[in-house]
Amino acid sequence: MATEPVPTVTLNNGVVMPQIGFGVYQIPDSDQCERAVRDALEVGYRSLDTAQVYRNEAAVGAAMAASGLPREEIFVTTKVWISNAGEERASSSIEGSLRRLRSDYIDLLLVHQPFGDYYGTYRAMERALSEGKVRAIGVSNFFPGRFVDLAEHVEIPPAVNQMETHVFNQQKANRPWYSKYGTALESWGPLAEGKNNLFTNETLAAVGAKYGKTAAQVALRYLVQRDIIIIPKSVHRERMEENLDILSFKLNVADMEAIAALDGGVSLFGDHENPEFAAMLSGLTADAD
Ligand code: NAD
């Protein structure tokens, strides 16, 4: 189990966020999600990533309460879904998220997808920030065009953009656009959900063999050394430990270059500009108020 303290990232509004967190996508069953989050907190994670559309904010809230940890020791992120877009709906959905999370504040609140009235959503989030209901606000899945447009036309620049980011899609070309506004890059799918046989990738395995680490640990360590925030997910306690145990070794320049070369620069999860994909996402509904 990791003994080194988890590094932190200072966001563009001064809020400090753990660089490694625990994601709970696709853990819809309440008992399983609560158990997983309790395990993650016991293992040492202090940052949790949920969303209204995951329909598991309540389980995350229950696990936080049951952990006995002071609220301020946990950093919790949630996201406003497309079906709650627009100023009024987003506002009441934020109240719903607070209630389900059993908290009077959210550490980081993101616009989940750049669809629907996300400008209205962002205004509601700016208001929640000014009211102390949220400590930082940002976006997710905003490719540079929409990201820059939003960042230029809102009061508060996004603190974070949570994007698909892993060794096979490293966001190299897009990242300067986010950095321009001081926006931190947070990776979703840091293990590419195992796509492209990440867990047996020869380059990652060979690098890992030198340090006694798995391909998964090398893939995560690479992102950490690139100053990217990561939120790997697993429901298995030993994998939660494995994914956190990446602080006691350092990849050298040659390792970093070898892993940089794995980048294909394209999504493994679907094209956001594809109208069928947009229609599919827009058809999903989330927990509301
Ligand atoms: P991930 O890349 O973290 O992969 C998770 C999967 O990899 C697990 O389900 C498990 O099957 C496997 N795994 C995990 N650790 C392993 C290990 N050490 N060895 C072998 N297999 C292992 O994928 P993810 O869950 O999609 O992404 C992480 C988090 O990012 C999510 O839980 C969620 O919080 C967030 N997310 C956000 C968005 C978004 O649109 N903003 C989209 C997807 C995910």
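The values are calculated or read from the model by the stated rules, or taken from the named source; none is laboratory data. Owing to the predicted nature of the structure, the values given are computational and were not obtained by experimental measurement. Counting neighbours? That spans all protein chains shown, and the Cβs are built from the backbone with ideal geometry, glycine included.
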## Note on the structure
Residues in segment 229-255 that are touching a Ser or Thr at 6+ places or on another chain (Cβ under 7 Å) and more than 24 Å from A184 (Cα to Cα) total 1
### Task
Note down all Cβ pairs under 9 Å where the first residue falls in segment 182-196 and is in contact (Cβ under 8 Å) with a residue 40 or more places away in the chain and within 15 Å of Q19 (Cβ to Cβ), the second is near the ligand (Cβ under 6 Å from one of its atoms) and among the hydroxyl-bearing types (S, T, Y), and they're at least six residues apart or on different chains.
E186/S140; W188/Y25; W188/S140
### Message
Consider segment 123-149. How many of its residues are farther than 12 Å from W177 by Cα, not in a strand (DSSP E or B) and not hydroxyl-bearing (S, T, Y)?
### Response
11
### Message
I'd like to check something: does segment 21-31 contain any residue that is modelled with pLDDT under 95, of a type in the set (D, E, K, R) and within 15 Å of the ligand (Cβ to nearest atom)?
### Response
yes
### Task
List every residue pair whose Cβ atoms sit under 7 Å apart, with the two residues 6 or more apart in sequence or on different chains, where the first one lies in segment 200-222 and is more than 14 Å from S248 (Cβ to Cβ) and without any contact (Cβ under 8 Å) to a residue 24 or more places away in the chain and the second, anywhere, is hydrophobic (A, V, I, L, M, F, W, C) and within 11 Å of the ligand (Cβ to nearest atom).
T200/A215; A205/A215; A215/L198; A215/F199
### Residue that is nearest to V111 (Cα to Cα), among those in segment 1-53 that are touching a residue at least 40 places away in the same chain (Cβ under 8 Å), assigned to a loop (DSSP other than H, G, I, E, B) and of a type in the set (D, E, K, R)
R46
## Note on the structure
The number of residues in segment 84-141 that are without any contact (Cβ under 8 Å) to a residue 24 or more places away in the chain and either under 21 Å from W188 (Cα atoms) or among the polar types (S, T, N, Q) (or both) is 1
### Task
Quickly run through segment 186-206 and pick out the residues that are near the ligand (Cβ under 8 Å from one of its atoms), outside any helix (DSSP H, G or I) and not aliphatic (A, V, I, L, M).
S187, W188, G189, P190
### Pair list, Cβ < 9 Å and 6+ apart or interchain, from segment 257-285 residues that are under 22 Å from L223 (Cβ atoms) and in contact (Cβ under 8 Å) with a residue 60 or more places away in the chain to residues that are part of a helix (DSSP H, G or I) and of a type in the set (S, T, N, Q)
I259/T203; L262/N196; L262/T203; G264/N196; L268/N196
### Message
Anything in segment 217-231 that is in a helix (DSSP H, G or I) and near the ligand (Cβ under 10 Å from one of its atoms)? List them, or say none.
### Response
Q217, A219, L220
